[in-house]
Each structure stands twice: as C-alpha cells, then as structure tokens.
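Asks: Shown below is the structure under consideration.
The values are calculated or read from the model by the stated rules, or taken from the named source; none is laboratory data. None of the values given here were measured: they were computed from a predicted structure. Surface accessibility is based on the protein's heavy atoms, side chains included, excluding ligands, DNA and RNA. Shrake-Rupley method; radii C 1.70, N 1.55, O 1.52, S 1.80 Å.
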Amino acid sequence: MASKALIATAALSCALALSGCSSDPKPKEPAKSSTPAPSATAPSMPSEASEASEEGAVAFVKHYIELLNYAANTGDVKPLKQASDPKCEGCNSYIDYYRKTYEKGDRIEGINWLPAKSVAKRNRRGFAVA
C-alpha cells in the first residue's frame, strides 16, 4: 500500500510541476465574479487510479487535476482536500485560496488545469517525469 501512495505522490508532484506550479505556493489571481458557483458533481476517482503502476499514477494525476478544476469552479474543496496529502504546502495553498474566495462570496472563473505532457515514466529507480 505504501508503494501506491509513493507512486501517487511522485506523480502528483510531477503533474503540479508540469502544470505551472512554482516555488511560490500562492496561486495567481484569476478573474473573479460575485455570481454563485455553478452546480456540478465532484469527479469520482477511477478504479485505475488506485493501482500501483504507471497507469495508476497517471490516472490518479488526471483525477487530481479534475479535482483542482472542480474546486476552483465550484468552491467545494472537500474532495480535493480528501485526495491531497495534508503536508503538501502547494496543495493546501490552492485549497485555502479556493475556500476563502468562495467564503467571501466571490467566484473564480477561467480555471482549467491540464497536464502539460505525460507525467510519469518508469526508469531504473522507479517513476520520473517524462
């Protein structure tokens, strides 16, 4: 089980790095609107995302990116928080930013995270950025 968590954490770290994360944990300011968030259903994790394999790691990262988009566009950070490592500063900065924005009555528009390219590839030591 620990290897699944390690693979997912490594893949997620790669995805966030490839998706434009910087060493500054504060996200950039997107456009805001005071209109209510659209109703949506949180994405459910595909079964492949729990596999301890390259495919599982990629599936988890894609799911996590869907959760980032969902949280940004709805203000519902619970699914993102459940999928995040509590020690991940970058993850927590997005969770806090999205939550605080919606608590103030603002809305975030124009967020659509996409993976930049393949995020995990097996090498002699395990997985690495492709």
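Asks: Report the accessible area of E54, computed with a 1.4 Å probe over the heavy atoms of all protein chains in place, in Å² rounded to the nearest 10.
Replies: Accessible surface of E54 is approximately 60 Å².
Asks: Would you kindly find the accessible area of D106, with a 1.4 Å probe and non-protein molecules such as ligands, DNA and RNA excluded, rounding to the nearest 10 Å²?
Replies: The value for D106 is about 40 Å².
Asks: Once phi is turned into ³J(HN,Hα) by the Karplus curve 6.51 cos²θ - 1.76 cosθ + 1.60 with θ = phi - 60°, what whole-Hz value does each residue of segment 49-59 show in order, with x for glycine and proline?
Replies: Running phi through 6.51 cos²θ - 1.76 cosθ + 1.60 with θ = phi - 60° gives 5, 9, 7, 8, 8, 4, 4, x, 5, 5, 4 Hz.
Asks: Give the aspartates and glutamates reachable from K100 as a straight Cα distance under 17 Å; neighbours fewer than 8 places away on the same chain don't count.
Replies: Partners found: E29, D76, E89, E109.
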